Amino acid sequence: PDSFRLGGVNQMVTVLFADIRGFTSISENAKPERVVSLLNRYFSAMSEIIFEHGGTLDKYIGDGLMAIFGAPTVSEEDALNAVKAAVTMQKRLVKLNDELRAEGYDQISVGIGLHTGEATIGYIGSDKRSEYTAIGDTVNLASRLESNALGGQILISEATAAASGNLIPVNQREPLTVKNRTQPVNVLEVRWA
């Protein structure tokens, strides 16, 4: 506790956001305990994949999650591991949907967005409550990519493709105009199926 202090450092990371599509209608039509059970199963499966690929689970945001690859430990494979995690998440969701359907749950789909760049990483908050997290434009762009991904899609930036050695099969998408950016962002869709 004595060594704890608020603040952060700038470093290169790959940020992953994943969000369940149509979750509001699912939660409106199901009992709360079934919604909680569904979320817990989904988050358990997805979190395990993030950890297996060397990521740090930053937070759960409603029915979404944020993960960081490259903090607190850094490796040359961070971006590639992040994309591999996203692909594994989509593939695992196919199996999870089979399990959920057998138990009477509705099928769910997830949109995922990733961006690689510099972010400020550290403990953000107050001296009473803080979170280890990333902030900055890199995080914002990853979130914008995720919000534009349809269920089953993984959208990545050119920076993430380059940082992963251009080893991931992708399709070029239309450039995306995002909030607080003057130039459209080039977007790539990962071919994972």
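The residue of segment 3-25 that is modelled with the highest pLDDT, among those that are surrounded by 11 or more Cβ atoms within 10 Å (Cβ to Cβ) and of a type in the set (Gly, Ala, Ser), is Ala18. Residues in segment 26-39 that are open to solvent by 60 Å² or more (accessible area, probe 1.4 Å) and either closer than 30 Å to Glu77 by Cβ or assigned to a helix (DSSP H, G or I) (or both): Glu28, Pro32, Glu33, Arg34, Val36.
Within the set Leu176, Leu150, Leu167, the sole residue that is at pLDDT 95 or above and either among the hydrophobic types (A, V, I, L, M, F, W, C) or in contact with an Asp or Glu (Cβ under 9 Å, 6 or more places away or on another chain) (or both) turns out to be Leu150. Taken over segment 63-85, the criterion of being without any contact (Cβ under 8 Å) to a residue 24 or more places away in the chain and in contact with a helix residue (DSSP H, G or I) (Cβ under 8 Å, 6 or more places away or on another chain) is satisfied by Ser75 alone.
Only one entry in Thr88, Thr138, Thr120 is part of a strand (DSSP E or B) and either among the polar types (S, T, N, Q) or without any contact (Cβ under 8 Å) to a residue 40 or more places away in the chain (or both), namely Thr120.
Scanning segment 125-133 turns up one or more residues that are open to solvent by less than 30 Å² (accessible area, probe 1.4 Å) and within 18 Å of the chain's Cα centre (by Cα).
Here segment 40-64 is the region considered, the condition is being β-branched (Val, Ile, Thr) and outside any helix (DSSP H, G or I), and the residue that is nearest to Ser109 (Cα to Cα) is Ile61. The set of residues in segment 150-193 that are within 15 Å of the chain's Cα centre (by Cα), in contact (Cβ under 8 Å) with a residue 60 or more places away in the chain and either in a helix (DSSP H, G or I) or closer than 20 Å to Ile108 by Cα (or both) comprises Leu150, Gly151, Gly152, Ile154, Thr160, Val190.
For segment 98-117, filtering for residues that are modelled with pLDDT of 95 or more and under 20 Å from Arg191 (Cα atoms) leaves 8. For segment 76-92, the set of residues classified as open to solvent by 10 Å² or more (accessible area, probe 1.4 Å) and not polar (S, T, N, Q) consists of Glu76, Glu77, Asp78, Leu80, Lys84, Val87, Lys91, Arg92, listed by residue number. Taken over segment 40-75, residues that are modelled with pLDDT of 95 or more, open to solvent by 50 Å² or more (accessible area, probe 1.4 Å) and more than 25 Å from Ser130 (Cα to Cα) amount to 1.
The values are calculated or read from the model by the stated rules, or taken from the named source; none is laboratory data. These figures come from a predicted structure and were not determined experimentally. In this analysis, Cβ positions are derived from the backbone assuming ideal geometry, glycine residues included, and neighbour counts consider all displayed protein chains. Ligands, DNA and RNA are stripped out before the accessible areas are found, and what is left, the full protein with its side chains, is counted by its heavy atoms. Shrake-Rupley method; radii C 1.70, N 1.55, O 1.52, S 1.80 Å.
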